[in-house]
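The values are calculated or read from the model by the stated rules, or taken from the named source; none is laboratory data. A quick note: this is a predicted structure, and the numbers were derived from the prediction, not measured. Note that we place each Cβ from the backbone using ideal geometry, even for glycine, and neighbour counts take in every protein chain shown. The area values use the complete protein model at the heavy-atom level, side chains included, leaving out ligands, DNA and RNA. Shrake-Rupley method; radii C 1.70, N 1.55, O 1.52, S 1.80 Å.
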Amino acid sequence: MTVNRPNPVSVGTIVWLASELMFFAALFAMYFTVRQTMPAEEWALQADKLNITFSTINTIVLVLSSFTCQWAVFKAEQFKPSRSGKLYQFWTWGMHEWLTMTYLMGAFFIGGQIFEYTELVHQGLTISSSAYGSVFYMTTGFHGLHVTGGLIAFLFVLGRSFAAKRFGHHEATTTIVTSYYWHFVDVVWIALFAVIYLLR
């Protein structure tokens, strides 16, 4: 009789993500505290500057990237690093193609966030213009840094896969634990989007 122990890399990643969850919980607490103490009229005036339509599109792209990331995991578990057909035949894609698509979608999100920041600064909403500006840029900015970290991790995963002589369990595990992080970042953004853009 054998005992199947949990993968230490997966366990370590989950523990680390738990600490990240506490970090974002503190950001949410800061956001709601400022909202409670700031005059409602001033808060609404600043919140009305947000482009809900653009942010919704950007959010949809990020959420869909979780699905492409998971397809990359499926292919990694099957030890299929590369596509077996033409590039346009997405049903034949391997881990490389699905992870590259995820990277591009994540990069699109970051590009959209930079564009949004530029537009808001032109409207006078900066990190130092008001308490609302401070909590908005801190919450969304820290999340953006986490997304950027995920993009760097994807490059590491792809580089390690291409450098490996044979795609095996180590490469598959790296893909899987990186997907944990990406899914976490996506879920956090859904919560941020709901609070900042929908509830306002």
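For Ser134, the stated conditions do not hold, so it cannot be described as at pLDDT below 95 and over 19 Å from the mean Cα position of the chain (by Cα). Taken over the range 98-114, residues that are open to solvent by 30 Å² or more (accessible area, probe 1.4 Å) and either free of Cβ contacts under 8 Å to residues at least 24 places away in the same chain or touching a Cys at 6+ places or on another chain (Cβ under 7 Å) (or both) amount to 3. Residues in the range 171-182: is at least one among the charged types (D, E, K, R) and loosely packed, with under 12 Cβ neighbours inside 10 Å? No.
So which residues in the range 109-168 are aromatic (Phe, Trp, Tyr) and assigned to a helix (DSSP H, G or I)?
Correct list: Phe109, Phe115, Tyr117, Tyr132, Phe136, Tyr137, Phe142, Phe154, Phe156, Phe162.
Checking every residue in the range 7-22 against the condition of being outside any helix (DSSP H, G or I) and within 30 Å of His169 (Cα to Cα) gives at least one match.
Checking each residue in the range 35-72 for being small (Gly, Ala, Ser), open to solvent by less than 50 Å² (accessible area, probe 1.4 Å) and farther than 20 Å from Phe109 by Cα picks out Ala44, Ala47. Of the residues contained in the range 73-90, one or more are found to be open to solvent by 80 Å² or more (accessible area, probe 1.4 Å), assigned to a loop (DSSP other than H, G, I, E, B) and among the small types (Gly, Ala, Ser). Reported count of residues in the range 63-89, each being over 24 Å from Ala191 (Cβ atoms), polar (S, T, N, Q) and touching a Ser or Thr at 6+ places or on another chain (Cβ under 7 Å), is 1.
With the structure loaded, tell me whether Thr148 is at pLDDT 95 or above, of a type in the set (S, T, N, Q) and open to solvent by less than 20 Å² (accessible area, probe 1.4 Å) or whether it fails that test. For Thr148, the condition - at pLDDT 95 or above, of a type in the set (S, T, N, Q) and open to solvent by less than 20 Å² (accessible area, probe 1.4 Å) - is not met.
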